[in-house]
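Chemist: Have a look at this one.
None of the figures in this text is laboratory data; all of them are computed from the coordinates on show. The structure displayed is predicted, hence computed values, not measured ones. Cβ atoms come from the backbone with ideal geometry, glycine included; neighbour counts cover every protein chain shown.
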Amino acid sequence: MKLYNLKDHNEQVSFAQAVKQGLGSQQGLFFPLELPEFELTDIDAMLEMDFVSRSSKILSAYIGDEIPAHQLAERVNAAFAFPAPVKQVSDDVACLELFHGPTLAFKDFGGRFMAQMLSYVSGSDEQITILTATSGDTGAAVAHAFYGMGNVRVVILYPQGKISPLQEKLFCTLGGNIETIAIDGDFDACQALVKQAFDDQELKKAIGLNSANSINISRLLAQICYYFEAVAQLPQEKRNQLVVSVPSGNFGDLTAGLLAKSLGLPIKRFIAATNANDTVPRFLGNGAWQPNATVATLSNAMDVSQPNNWPRVEELFRRKTWRLTDLAYGAVTDETTKAAMRELAAIGYVSEPHAAIAWRLLRDQLQEGEYGLFLGTAHPAKFKESVEEILEQKLTIPDELASRADLPLLSHQMKSDFAALRAFLLKQ
């Protein structure tokens, strides 16, 4: 598999190199040189396969012979060791529940697959430092995926006071090779620090720097697989009129869905659903890319004003000669989010803010004869305080969260200052 740097098309790397390197020069994202497509007959046959077998075939289409098929299948089996069920919500709408993994969020798929790929392509004596920013769920998924791996040090930055208490407990109580830093700033400030680190060639070399954000191609490819799993669970007659609403922050999930469509998966259209941090909806509406300052919302994992993956979306549309005007979109306020959560609860489905935003826009934009699917990206209990207050009902806390709720936080605190972060990273 060859990938090229979106900011320097002359920089081309193998899949293994892209996994180890994370970003290209000038902080450029890697993107597949070849965009594979399956025949319709292949798609039909794949939708009859089990999740792991189908996912191995999808990933092989991109990775090629860099990883032998049997080795890839073993790694996929280890990574995707939990289901992604489609739950009916109303007659013409269902939720793809992506929160049945160990950290109760969709990031488990990408985080665990990346851990498998990095351990495969790196020597066991090669020291690696994973530096990543999180707006909530990435941190936990990455921390748990790499916890206890002897040659990997994980450093996770997150915006202090801007993620839910249980989200924080899930990854800031591990210790060992997992180090967490609460940054005095928003997610975009955390992400900017990560990018600065990757621009520092001396630092990169000294600590073997890598990233586990959705900028890493292995995480992105893993996310393609659950779109196929969703369609496989739908009745045949629903598949050709499918509209998918994706709660969007850094836009990795939407990018993966669009790549699934590029492979031949029958998805009629996508809805890019955001909260008040609406850079993309405004851009799709008026053609002007004008990020505002990030604002804190109920749906904190989507509090991103400068989404890293958007260049990949634009590149895919350009390569496929699709029209950006065909990408549906919408932005939802906190008040509307609360109302959506209550409406969902009234019809028997308890949701959290991110999924509720996707559902609300799907409900508003779904046309007669279409079938809607929205992504449930995190378990409602990860947002226990806000969900219980809004719905006025108590939630049962899953064991994954309950076991960590009373543990002390092990996080460091730091201003949004690259010199301070650099010094921290160089301390071995």
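Chemist: May I ask for the equivalent-ellipsoid semi-axes of segment 43-92, computed as the square root of five times each C-alpha gyration tensor eigenvalue and listed largest first in whole Å?
Modeler: Listed largest to smallest, the semi-axes of segment 43-92 are 26, 13, 8 Å.
Chemist: Relative contact order (percent) for the chain, with alpha-carbon contacts under 8 angstrom and 6 or more residues of separation?
Modeler: Worked out over the chain, it gives 20 percent.
Chemist: With N set to the number of residues, divide the alpha-carbon radius of gyration of the chain by 2.2 N^0.38 Å and report two decimals.
Modeler: That works out to 0.91 for the chain.
Chemist: Using +1 at the Cβ of each Lys and Arg and -1 at the Cβ of each Asp and Glu in segment 278-369, identify which of Thr333, Asn309, Leu344 lies farthest towards the dipole's positive end.
Modeler: Asn309
Chemist: Magnitude of the Cβ-charge dipole of segment 306-381, K/R +1 and D/E -1, about the Cα centre, nearest 20 debye?
Modeler: Dipole about the Cα centre, nearest 20: 280 debye.
Chemist: So, in Å, what gap is there between the alpha-carbon centers of segment 11-31 and segment 368-403?
Modeler: Going from one Cα centre to the other spans 35 Å.
Chemist: Would you mind telling me which residue in Ala78, Ala16, Ala381 has the biggest mean-square fluctuation in a Gaussian network model of the chain, where springs connect alpha carbons within a distance under 10 angstrom?
Modeler: In the Gaussian network model the winner is Ala78.
Chemist: Over segment 237-289, what is the relative contact order in whole percent, taking alpha-carbon pairs under 8 Å and six or more residues apart?
Modeler: The value is 40 percent.
Chemist: Which of the three applies to segment 208-357, rounded, prolate or oblate, going by the alpha-carbon gyration tensor with a ≥ b ≥ c and a/c under 1.5 meaning rounded?
Modeler: The shape class here is rounded.
Chemist: Follow-up. Beyond 25 Å between alpha-carbons counts as too far, so tell me which of Lys195/Lys261; Lys169/Lys415; Lys205/Lys382 fall in that bin.
Modeler: The answer is Lys195/Lys261; Lys205/Lys382.
Chemist: Roughly how many Å is it from the Cα centre of segment 220-289 to that of segment 144-190, as a whole number?
Modeler: Value for the Cα centre distance between the two parts: 27 Å.
Chemist: Quick one: Kirkwood hydrodynamic radius for segment 37-149, alpha-carbon pairs, angstrom, one decimal?
Modeler: Radius from the Kirkwood sum: 15.8 Å.
Chemist: Using alpha-carbon pairs under 8 Å, 6+ residues apart, how would you state the relative contact order of segment 282-417 in percent?
Modeler: Relative contact order here is 17 percent.
Chemist: Straight distance only, please: which aspartates and glutamates reach the Cα of Lys87 with their own Cα at less than 14 Å, same-chain residues fewer than 8 apart left out?
Modeler: Cα-Cα hits under 14 Å: Glu97, Glu229.
Chemist: Can you divide the C-alpha Rg of segment 335-407 by 2.2 N^0.38 Å and report the result to two decimal places?
Modeler: Working it through for segment 335-407, the quotient is 1.22.
Chemist: Hey, what D do you get for segment 311-375 in µm²/s if you plug the Kirkwood alpha-carbon radius into Stokes-Einstein at 20 °C and 1.002 mPa s?
Modeler: Reported coefficient: 159 µm²/s.
Chemist: Compute a Gaussian network model of the chain, connecting alpha carbons closer than 10 Å, and tell me which residue from Val76, Val152, Val295 fluctuates the most.
Modeler: Val295
Chemist: Of Gly330, Gly176, Gly208, which has the largest mean-square fluctuation in a 10 Å C-alpha GNM of the chain?
Modeler: Comparing Gly330, Gly176, Gly208 in the GNM, the peak value goes to Gly176.
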